[in-house]
Amino acid sequence: MKALLFYPKLALDGVRKNKRMYLPYILTCTGMVMMFYIIMYIGICSVPDSMMGAESVRSMLALGSAVIAVFACIFLFYTNSFLMRRRKKEFGLYNILGMGKRSIARILCFETLIVALISLSMGLILGISFSKLAELGFVNIMNEDVSFDLSVSLPAILRTLEVFGVIFLLLLLNSIRQVRFASAMQLLHGENTGEKPPRANWLLGILGALILGGAYYIAVTIKDPITALAWFFVAVLMVIAGTYLLMISGSVLFCRLLQKKKGYYYKPSHFVSLSSMAFRMKRNGAGLASICILATMVLVMISSTACLYFGEENAVNQRYPRDINITFRFGDLKGLSDQTSKAIKRDIDNMTADAEAEPSNILSYRSVAVSGLLIDGKVELDASKISSVAHGVDVMANVFQFLFVPLSDFNANVGEDISLEKDEAIICVYRHEFEGDTLSFNGGRTFRIKKYEAKKFEHGEGYIISPCMVIAVPDLEYAIYGIADMRDSLGEGMLQYRLMYDFDTSLEAKEEIALCRSINEKIYSSSTHAGEMEINYGAYYSSISSREENRQDFYGMFGTLFYIGIILSIVFTLAAVLIIYYKQLSEGYEDEARFSIMQKVGMTKKDIKKSINSQLLTVFFLPLLLAASHLAFAFPIIRKLLLLFGFESVTLFAATTGISLIVFALFYAAVYKLTAGAYYKIVSDAKEQNA
């Protein structure tokens with residue numbers, strides 16, 4: 001019986017004696033288990049079922065749980081290396097005293113089992129306990145009704161056990177591998193081996209600066225959302241690589257430069273900490289880079305998702321500028337005749353009258369739309385020829401959607417009475433700039449630009465994220481001559497013939513939705529073929545949408561993103577805190593002997609505290625400063641990406657970014673101040689421990 005309890009007892013003693021290292025690790029594991037269960041619980045429970053866009057909500061929650069699982073695996077491997085480095089000396093001593101590697105592996109098995117049982121049980125208990133609170137927070141963010149039934153999700157529990165069971169098994173196998181392939185002497189000195197990033201030198205530092213500069217250049221020079229989406233992940237990878245190279249090599253160079261400043265270096269509060277930091281940064285630069293990347297991720301996620309959530313009403317209004325928005329598409333120019341247009345408007349007005357609503361703030365116009373590449377006043381419509389004419393041009397940033405609008409509709413929209421010659425045009429440009437006297441379409445007409453109206457024409461298509469140009473012409477048939485016969489790569493016509501009719505109502509939300517549906521039923525009628533529907537008025541496509549009917553979709557998407565952003569920010573912040581804590585502990589143990597000698601030759605605890613504060617201010621705030629730099633340069637590209645969600649308020653995004661940075665900086669300073677206490681306790685007690 002005693003033999004059976006021998007290894008569990010050694011494992012339990014190992015965890016207990018190293019509680020300073022194990023306690024934060026177990027708490028972090030517990031927190032990640034709790035967060036993972038909560039996300040899984042909300043995704044599995046019946047809460048999303050009552051929401052519009054339930055499938056997209058569940059998909060985003062599933063994505064959030066996958067991100068937590070992957071990050072937990074990577075991060076726990078990283079932090080487990082700190083534990084193993086601390087324990088290797090003890091395992092090496094066991095090995096020298098005659099304990100075999102298999103016996104040490106058994107101890108590791110029981111230690112991992114103890115940590116896993118504590119983390120999983122406490123994480124699930126806390127997850128179940130806080131799941132209702134998390135659910136209430138979620139439905140509050142989503143503007144949904146709250147239920148007060150407490151439930152436990154067995155599938156979420158099983159999934160959590162499965163995911164983290166695999167993670168702990170992988171951690172165990174990795175720990176056994178490290179012990180198995182190390183000699184007794186290597187284990188004894190394992191605590192002093194540290195991390196092994198590339199050797200710091202000027203070349204790596206310059207390379208890191210160049211890579212980071214390239215990422216910054218991409219972020220600030222991209223002009224359109226599509227290009228931003230294509231280059232965003234490239235820029236992210238460049239920032240990560242540049243940050244690691246800079247923090248590994250640049251931090252050493254930074255310390256060396258400070259050492260050359262004699263007035264700064266030869267002070268009691270700076271001398272000890274700076275000389276030791278220059279040596280340690282070769283090994284600890286990767287840790288500081290990890291803190292910087294985690295801080296940047298937190299700041300980007302919370303600022304972007306917060307501005308989407310708090311600006312969701314603006315996004316809804318941008319996408320749906322009127323209460324009811326109707327668009328018809330026709331196969332040719334005949335569908336845009338005055339007769340068809342009047343018939344559609346008359347029928348819709350009759351239906352609104354039946355609903356005791358009077359259309360107001362009406363936006364109605366006809367257009368012929370086509371996309372093309374605009375370069376120096378010339379428009380290339382043939383996609384196969386674009387590459388040959390786009391040398392040195394950012395193609396995506398110059399691909400416009402052109403809307404040919406009848407001059408009569410333009411005048412009605414802007415409230416003017418402008419007249420034009422047949423080959424003249426008025427243009428309004430959106431999301432881009434254009435200055436020129438002529439506008440020429442390859443294969444089509446050339447127009448003399450009579451007047452620029454900036455953005456005066458309201459086209460009502462807020463979902464268009466590419467550059468857009470409204471071209472008011474007196475004769476649509478003349479304007480599209482030559483273009484109407486063009487075909488795309490699929491053999492279909494390149495032009496879209498559209499009629500838009502948007503208007504506001506004075507109805508309540510439910511009445512507005514009912515009106516929208518009745519209009520939809522009127523527009524579509526039963527075909528002679530069973531089960532098929534056809535569109536009246538000769539249109540081949542129609543879109544009828546209500547702002548109120550689609551509002552909840554926006555709230556669901558933005559609310560879920562904000563909620564996941566909060567959860568992931570908490571997880572990443574916990575990870576950063578744990579790295580900071582372990583850095584302070586590992587460096588404290590490394591400096592223990594050094595400070596012991598310094599105390600014996602007269603260094604006081606007051607001097608130690610000054611040295612620690614100097615170290616704190618000199619190096620450990622570099623990750624925060626670099627994260628702030630990343631955030632500042634990422635601001636333009638993130639703002640472009642937010643346009644994909646219909647969000648355009650730069651002021652709100654700047655406000656959420658600034659507030660996020662200030663709050664995180666205060667939290668960061670508080671964490672470092674608290675963890676510095678652990679470092680101070682180790683090194684200040686060194687004299688007594690070594691006496």
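Read-outs throughout are calculated quantities, based only on the coordinates presented, and are distinct from any laboratory measurement. This is a predicted model, so every value here is computed, not measured. All Cβ positions, even for glycine, are placed from backbone atoms using ideal geometry, and neighbour counts span all protein chains on display.
Quick notes on this one:
- Highest average first, the peptides 347-357, 237-247 ordered by how many other beta carbon atoms sit within 10 Å of their residues are 237-247, 347-357.
- With 0.36 nm allotted per residue and the present C-alpha distance subtracted, the ALA514-ALA632 stretch has 37.9 nm of extension available.
- As a calculated quantity, the FRET efficiency between LYS456 and VAL70 at R0 = 56 Å, using C-beta atoms, amounts to about 0.70.
- Among ASP323, ASP13, ASP504, a tally of other beta-carbon atoms within 10 Å of each Cβ gives an order, fewest to most, of ASP13, ASP504, ASP323.
- Cα→Cβ-extended label distance, 7 Å offset, between SER151 and SER337, nm: 5.8
- Whether the stretch 82-181 is rounded, prolate or oblate, judged on the alpha carbon gyration tensor where a/c under 1.5 counts as rounded: prolate
- Label point distance in nm, PHE233-ARG16, each placed 7 Å from Cα along Cα→Cβ: 5.0
- Cross-link table LYS101/LYS583; LYS19/LYS89; LYS19/LYS88; LYS342/LYS451; LYS345/LYS456; LYS132/LYS673, entries beyond 26 Å C-alpha to C-alpha: LYS101/LYS583; LYS342/LYS451; LYS132/LYS673
- Whether the stretch 405-447 is rounded, prolate or oblate, judged on the alpha carbon gyration tensor where a/c under 1.5 counts as rounded: oblate
- Subtracting the Cα-Cα distance of SER129 and TYR537 from 0.36 nm times their residue separation leaves 141.0 nm of extension gain.
- Of ILE211, ILE302, the sequence from fewest to most neighbouring Cβ atoms within 10 angstrom is ILE211, ILE302.
- Residues LYS9, LYS342 in ascending order of nearby Cβ atoms (within 10 Å, fewest first): LYS342, LYS9.
- Three-way shape call for the stretch 313-381 based on the alpha-carbon gyration tensor, with the a/c threshold at 1.5: oblate
- The slack in the chain from ALA669 to LYS422, taken as 0.36 nm per residue of separation less the alpha-carbon distance, amounts to 82.1 nm.
- Between the beta carbons of GLU433 and THR651, assuming R0 = 35 Å, the FRET efficiency works out to 0.95 to the nearest 0.05.
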